[in-house]
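Below: the structure, in structure tokens.
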Amino acid sequence: MNKNQPIKSLRCAALLLILGSMRALFGADAAAARQIINPFGLNENTLRSLEENKQKQLQAAKSWKAFHNFQFADRYEESGIRFEHQPVDDAAKDYKAVHYDHGTGMAVADVDGDGRLDIYFVNQLGGNQLWRNLGHGKFENITATAGVGLEDKICVTASFADIDNDGLADLFVTTVRMGNFLFKNLGHGNFKDITLESGLGPGRAPARHSSGAVFFDFNNDGLLDLFITHVGVYTTNDKGRGGFYLGREDAFFGWRYPARSEQSILYQNLGGGKFKDVSKEMGLEHRGWSGDATFCDLNEDGYPDLYVLSMSGEDKYYENDHGKRFVEKTGDYFPKTPWGSMGVKFFDYNLDGLMDLFVTDMHSDMTGAQIKAGEKDYSARFEKQKSEAWCSIEWTPENLARASNCILGNAFYQNQGDGKFIEVSDKIGAETYWPWGISVADLNADGYEDVFVSAGMGYPLRYAINSVLLNDRGQRFVDSEFVLGVEPRKDNRIEKEFFTLDCSGADKKNPLCRHKTGLVTVLGSTSSRSSVAVDLDDDGDLDIVTNEWNDHPQVLISNLSDRKQIHYLKIKLIGTVSNRDGLGSTVKVHCGSKTYTRYHDGKSGYLSQSSMPLYFGLDDATRIDRLEVLWTSGKKQILTDRIPTNTLLTITEDR
């Protein structure tokens, strides 16, 4: 298909149609409530479709080169984790097309220094939660003692990073118009709120609609700086239940109005836990309804460049001019970008040593249009049979005007070297349905990194699968979520009770309560937002944890190590001249004729940044010939003797 076409929004007309149908039909018959709330035959039809897709995928797997004889199983109950995501009413019983339904992220770090990775879940209502890893896939809730719950805030996401180089992972949390928060890690799982003294607290400007937070050392001074993305004004000043700011009725189209734009901010780390806004002096006054960003040294000059997403418009790429300023050079590298970007990750998918770029597109990904604007015919086609006709919405020429240089759907930019990229998402099988964030990880330990894509919308739309793109030896990605047991979910759990209406009381004016009294339960589809790939049970293979939408997490444990003898290496970097986390460093592991390259950006899942070791699957190799680390300080460190495998290797930067 031709993806280089203007595109359009996902939901608004479809939602109006769905809600209108529910309003008209819901009151007709109490027994019909479940059917009306699930207008797409969520149970029977969806399960039948899932089974059909499973059989097709199992058949296709016979031709795959990549090892796939292993599965994931949801061990949520056994894990001890009891976190429940709770959405604000604007994303549930009072649903409107506003950015609250984008959900929340999650982040991972060893917060107490015991060598195990702990998980921080972000929530909208009811507070965030920090779960301590007890080992072997078991967790306990330490939120209260850690002091990082933020129970009265409507949060978006979190990132872990060592801002003061003391060896402890500090925590930064973003919210919707309630300020952002920086917690200093005091050790042993305890944190202190240092937001006000850090310079990251409330200033003269009103609190913004913050989203992703990216730590990176833009000037290579050994201190991690911070870039915070802002979406734009999608709320009013009125508040709803739980204190959230009510969404604007036209929130989803806020990008049309320049006055609603909010500038993202670059903060320089001054040391001593102090930060300063240097956006203007660094030439990085980005605006663009941005949910997230990431960094990579594409021109290999030793300084990290910044790629910033836009969920309603063109992405932007800013080249770092030796830590002195940022210069917008999107067109030089990526002439066309997706229109509705959500997830992003740089990684070397084909082992050529060059960083490729994968961007998932939510807002334009599932739509189709054929629109005549002036003398030009704009057209777009569904990218796969995963798409639905009811997602279609026609856009006016005015809407398409700023989308004329965008592409439809996910974008996978293959790095050709010398600053040249080609978009190959269709060719290599990187298209997915309703995608949010991505976690890139070598799930089968063969040296080629795979991709987990969290997906779906939840109420009031139908169920959509999470995707696992298994890397077929650097040639293509193959849809493998059914083969690997990620889909269907445990017990075919594709729907849940989403909310309950009191139609005789507080909710009697809700359209769904028409001709109804008493308590009415409304069902919705399950869906995921964020994810992280981490070895939870200490068996050497990677597991997956999700942060769901209005639901409890999935804790997907892999049995890869039971199915075959795996070879791997985990690497923890400790910077001395460079930042302590080693963020921005490049690690190369040489095994025979293959070289595995990782750029350490901490990026995992939707919106979030984690503090985790790098994971290298080694395929069938039992020894490593050479290991190289290029630190952000410019130092190159080489190891050749007795490099261990099947363990965690800590590499400290030579002074």
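The values are calculated or read from the model by the stated rules, or taken from the named source; none is laboratory data. The structure displayed is predicted, hence computed values, not measured ones. All Cβ positions, glycine included, derive from the backbone under ideal geometry; neighbour counts span all protein chains shown. For accessibility, only protein heavy atoms count, side chains too; no ligands or nucleic acids. Shrake-Rupley method; radii C 1.70, N 1.55, O 1.52, S 1.80 Å.
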Original post:
Does Thr236 count as at pLDDT 95 or above, surrounded by fewer than 24 Cβ atoms within 10 Å (Cβ to Cβ) and over 24 Å from the mean Cα position of the chain (by Cα)?
Top reply: yes
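Being touching a residue at least 12 places away in the same chain (Cβ under 8 Å), of a type in the set (S, T, N, Q) and more than 30 Å from Thr236 (Cα to Cα) narrows it down to one of Asn180, Asn123, Asn128, Asn141, so name that one.
Going through Asn180, Asn123, Asn128, Asn141 in turn, the sole match is Asn141.
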**OP:** Can you work out which of the residues in segment 594-631 that are of a type in the set (Asp, Glu) and free of Cβ contacts under 8 Å to residues at least 60 places away in the same chain is surrounded by the most Cβ atoms within 10 Å (Cβ to Cβ)?
**Re:** Glu628
**OP:** Specify which of the listed residues (Ala251, Ala259, Ala207) is under 25 Å from the mean Cα position of the chain (by Cα), aliphatic (A, V, I, L, M) and open to solvent by 20 Å² or more (accessible area, probe 1.4 Å).
**Re:** Ala207
Subject >> Of residues in segment 431-449 being modelled with pLDDT of 95 or more and more than 15 Å from the chain's Cα centre (by Cα), the one nearest to Leu357 (Cα to Cα) >> reply: Glu449
Subject >> Meets criteria (of a type in the set (Asp, Glu) and open to solvent by 20 Å² or more (accessible area, probe 1.4 Å)) for Asp502 >> reply: yes
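I'd like to check something: does segment 166-182 contain any residue that is more than 25 Å from the chain's Cα centre (by Cα) and at pLDDT below 95?
no
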Original post:
Going through segment 163-178 one residue at a time, which ones are surrounded by fewer than 22 Cβ atoms within 10 Å (Cβ to Cβ) and either in contact with a Pro (Cβ under 8 Å, 6 or more places away or on another chain) or among the aromatic types (Phe, Trp, Tyr) (or both)?
Top reply: Arg177
Original post:
Within the bounds of segment 179-190, is there any residue that is in contact with a His (Cβ under 9 Å, 6 or more places away or on another chain) and open to solvent by 20 Å² or more (accessible area, probe 1.4 Å)?
Top reply: no
**OP:** Would you be able to say whether some residue in segment 30-37 is open to solvent by 20 Å² or more (accessible area, probe 1.4 Å), in contact with a strand residue (DSSP E or B) (Cβ under 9 Å, 6 or more places away or on another chain), at negative phi and modelled with pLDDT of 85 or more?
**Re:** no
Subject >> Subset of segment 316-340 [part of a loop (DSSP other than H, G, I, E, B) and open to solvent by 10 Å² or more (accessible area, probe 1.4 Å)] >> reply: Asp321, His322, Gly323, Lys324, Arg325, Lys329, Pro335, Lys336
Original post:
Only one of (1) under 30 Å from Leu223 (Cβ atoms); (2) open to solvent by less than 10 Å² (accessible area, probe 1.4 Å) is not met by Thr145, so which one is it?
Top reply: (2)
Subject >> Failed criterion for His136 (all others in (1) of a type outside the set (D, E, K, R); (2) closer than 20 Å to Thr195 by Cα; (3) at pLDDT below 95 hold) >> reply: (2)
Subject >> Which listed residue is open to solvent by less than 10 Å² (accessible area, probe 1.4 Å), more than 20 Å from the chain's Cα centre (by Cα) and not aromatic (Phe, Trp, Tyr), from Leu298, Leu284, Leu246 >> reply: Leu284
Subject >> strands (runs of 3 or more DSSP E) wholly inside segment 216-314 that include at least 1 residues being over 29 Å from Asp418 (Cβ atoms) and in contact (Cβ under 8 Å) with a residue 24 or more places away in the chain >> reply: 225-230, 235-239, 245-247, 265-271, 274-277
Original post:
Taking strands (runs of 3 or more DSSP E) that fall entirely within segment 507-583, which contain at least 1 residues that are surrounded by fewer than 19 Cβ atoms within 10 Å (Cβ to Cβ) and over 20 Å from the mean Cα position of the chain (by Cα)?
Top reply: 519-525, 568-574
**OP:** Please work out which residue is farthest from Asp162 (Cα to Cα), limiting yourself to segment 602-620 and to residues that are part of a strand (DSSP E or B) and of a type in the set (Phe, Trp, Tyr).
**Re:** Phe616
**OP:** Report the residue count in segment 637-647 for those that are open to solvent by 40 Å² or more (accessible area, probe 1.4 Å) and not in a loop (DSSP other than H, G, I, E, B).
**Re:** 2
Original post:
Hey, any hits in segment 338-357 for a residue that's more than 24 Å from Ser279 (Cα to Cα) and touching a helix residue (DSSP H, G or I) at 6+ places or on another chain (Cβ under 7 Å)?
Top reply: yes
Subject >> Conditions (1) under 29 Å from the mean Cα position of the chain (by Cα); (2) closer than 30 Å to Leu226 by Cα; (3) surrounded by fewer than 22 Cβ atoms within 10 Å (Cβ to Cβ); number of the one not met by Gly634 >> reply: (1)
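Given Thr632, Thr650, which one is part of a loop (DSSP other than H, G, I, E, B) and farther than 28 Å from Glu84 by Cα?
Selected residue: Thr632, the only one of Thr632, Thr650 that is part of a loop (DSSP other than H, G, I, E, B) and farther than 28 Å from Glu84 by Cα.
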**OP:** Answer with yes or no whether Gly617 is of a type outside the set (S, T, N, Q) and at positive phi.
**Re:** no
**OP:** Could you tell me which numbered condition Tyr120 fails, if it satisfies all but one of (1) touching a Leu at 6+ places or on another chain (Cβ under 7 Å); (2) of a type in the set (Ser, Thr, Tyr); (3) open to solvent by 10 Å² or more (accessible area, probe 1.4 Å)?
**Re:** (3)
Original post:
Of the residues in segment 198-236, how many are of a type in the set (S, T, N, Q) and farther than 23 Å from His600 by Cβ?
Top reply: 4
